[in-house]
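Participant: Before I ask anything, here is the structure I am working with.
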Amino acid sequence: MLVLVAPGQGAQTPGFLTPWLELPGAADRVAAWSDAIGLDLVHYGTQADADEIRDTSVAQPLLVAAGLLSASALGDIKPGAVAGHSVGEITAAVFAGVLDDAAALPLVRTRGLAMADAAAVTETGMSALLGGDPEVSVAHLERLGLTPANVNGAGQIVAAGTLEQLAALNEDKPEGVRKIVALKVAGAFHTHHMAPAVDALAKAAEAFAPADPKITYVSNKDGRTVATGDEVVSRLVGQVANPVRWDLCMETFKELGATAVLEVCPGGTLTGLAKRALPGVKTLALKTPDDLDAARELIAEHSA
């Protein structure tokens, strides 16, 4: 059984969209999305530097556009389940048939702008903790006033909070944590710092009439499958101020009988987690169009 997944913010790198725009019709499609949301996705995906695409209001639409573009290059595929990490849940909602492109791109544009505004109130950030016992690390973070914003499984937790709190974490690591890595994001996402963005996203979501998922949709709120489009959108809205439980998503993939995980562009983060947490499950990340043939082979082997 194939699971199709979409990465979240921090996966972007300068120029990562360039080779994808060489595919037939791709540049025109991305240009149309750019016009629709008032953001030059072509420029940001090809010419912008790391600081420019670190901007939350840019990174989020860029990631959703890249995920949709790379998945469409695979043709009509029917995974057994879909899921997304953080903003990748909007991409996954399109895969599941809950939203279409015309709804997803404006929604993620609103999300990115609202979260950027919320992040501007206080200087905040996120850092990944590698290694250690999750229970020990979570308790340690809470003592420092930090939020375990992403519990990713495979020995990785992402802490979020003020820059002062993150600096204190660097000086006082939880027992067993071997390394702390600052993430390329511009705020403490999935924490109370993002509460103002929830209202803005809720208002934007009122304009859409979501369909019920046609493919099993796994929510990163709690790893549960969601049966209705209204519930998917409700979770998308609340998610910006609540932790991502990717560890529980991977447990659900296992329970569903996953035999392969395919990550859309800019892939690598989620397949890396799957390799450690789901032994025996094949993984493949779409980084460039050169990966498409291998992805099609994986799809043929593991799709129902």
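Participant: So, with +1 on the Cβ of K and R and -1 on the Cβ of D and E, and no other charges, what is the size of the charge dipole of the chain about its Cα centre, to the nearest 20 debye?
Facilitator: 520 debye
Participant: Going toward the positive end of the dipole of region 167-281, with +1 on Lys and Arg Cβ and -1 on Asp and Glu Cβ, which of Leu201, Asn170, Gln239 do you reach last?
Facilitator: Asn170
Participant: Right, next: Which FRET efficiency value, to the nearest 0.05, is calculated for Ala102 and Lys254 with the Förster distance at 41 angstrom and r the Cβ-Cβ distance?
Facilitator: That gives a FRET efficiency of 0.75.
Participant: Per residue of region 9-23, in order, report the coupling 6.51 cos²θ - 1.76 cosθ + 1.60 (Karplus, θ = phi - 60°) as ³J(HN,Hα) in whole Hz, putting x for Gly and Pro.
Facilitator: Per residue, the Karplus-derived 3J(HN,Hα) values read 5, x, 7, 6, 9, x, x, 5, 7, 3, x, 5, 6, 7, 6 Hz.
Participant: Using a probe radius of 1.4 Å on heavy atoms only, what accessible surface per residue do you get for region 1-56? Whole Å² is fine.
Facilitator: With the other protein chains kept in place, region 1-56 gives 43 Å² per residue.
Participant: Next question. Given the whole protein assembly as supplied and a 1.4 Å probe, what does the accessible area of His192 come to in Å², nearest 10?
Facilitator: Result for His192: roughly 130 Å² accessible.
Participant: Per residue of region 68-82, in order, report the coupling 6.51 cos²θ - 1.76 cosθ + 1.60 (Karplus, θ = phi - 60°) as ³J(HN,Hα) in whole Hz, putting x for Gly and Pro.
Facilitator: Using θ = phi - 60°, the values come out as 5, 5, 5, 5, 5, 5, 7, x, 7, 10, 10, x, x, 7, 9 Hz.
Participant: Would you mind telling me the antiparallel percentage of the DSSP bridges in the chain, rounded to 5?
Facilitator: Counting only bridges with both partners in the chain, antiparallel ones make up about 55 percent.
Participant: Compute the normalised compactness of the chain: alpha-carbon radius of gyration over 2.2 N^0.38 Å, N being the residue count.
Facilitator: Taking N as the residue count of the chain, the ratio is 0.93.
Participant: If you roll a 1.4 Å probe over the heavy atoms of the protein chains, what accessible area per residue do you get for region 76-229, in Å²?
Facilitator: 42 Å²
Participant: Give the lysines whose C-alpha is closer than 16 Å to that of Lys254, dropping any in the same chain fewer than 8 places away, or say none.
Facilitator: Lys275, Lys282
Participant: Same structure, new question: Measuring from a point 7 Å past the Cα of Ala168 along Cα-to-C-beta, which residues in region 131-155 have an amide N at less than 20 Å?
Facilitator: Correct set: 135-150.
Participant: Now for a separate question. Just to check I understand the Karplus step: with θ = phi - 60° and J = 6.51 cos²θ - 1.76 cosθ + 1.60, what whole-Hz values come out for region 192-203, glycine and proline as x?
Facilitator: 4, 4, 9, 3, x, 6, 4, 4, 4, 6, 4, 5
Participant: When the helices in the chain are scored as -39500 (n - 2.57) per DSSP H run of 4 or longer and the sum is shared across all residues, what 222 nm value do you end up with, to the nearest 500 deg cm²/dmol?
Facilitator: Result for the chain: -13500 deg cm²/dmol, rounded to the nearest 500.
Participant: Spin-label point model (7 Å from Cα, Cβ direction): what's the Asp290 to Leu74 distance in nm?
Facilitator: Result for the modelled spin labels: 2.0 nm.
Participant: Normalising by the residue count of region 40-185, find the relative contact order in percent from Cα pairs under 8 Å and 6+ residues apart.
Facilitator: It comes to 23 percent, rounded to a whole number.
Participant: Further question: Given the convex hull of the Cα atoms of region 1-120, what is a quarter of its surface area in nm²?
Facilitator: 7.0 nm²
Participant: Would you mind telling me the share, in percent, of accessible area of region 1-99 contributed by carbon and sulfur at probe 1.4 angstrom?
Facilitator: Carbon and sulfur: 50 percent of the exposed surface of region 1-99.
Participant: Ok, one more. Under 5 Å between amide hydrogens, which residues at least 5 positions from Gly153 or on another chain qualify, with H placed 1.01 Å from N in the peptide plane?
Facilitator: Residues meeting the amide H criterion: Asp247.
Participant: Roughly speaking, to the nearest percent, how much of region 188-304's 1.4 Å accessible area is carbon and sulfur?
Facilitator: For region 188-304, the apolar C and S fraction of the accessible surface comes to 50 percent.
Participant: Could I ask something else about it? Quick check: residue separation of Asp35 and Thr18 times 0.36 nm, minus the Cα distance between them. What number comes out in nm?
Facilitator: Computed gain between Asp35 and Thr18 is 4.3 nm.
Participant: Another question about this same structure. Within the accessible area of region 123-171, what % is carbon and sulfur when the probe is 1.4 Å and the other protein chains stay in place?
Facilitator: 51 percent
Participant: Running a GNM on the chain with Cα contacts under 10 Å, which residue among Arg245, Arg111, Arg224 ends up with the highest mean-square fluctuation?
Facilitator: Highest fluctuation of the listed residues: Arg224.
The values are calculated or read from the model by the stated rules, or taken from the named source; none is laboratory data. Because the structure is a prediction, the values reported are computed rather than measured. Every residue, glycine among them, receives a Cβ derived from its backbone with ideal geometry; neighbour counts consider all protein chains shown. Ligands, DNA and RNA are stripped out before the accessible areas are found, and what is left, the full protein with its side chains, is counted by its heavy atoms. Shrake-Rupley method; radii C 1.70, N 1.55, O 1.52, S 1.80 Å.
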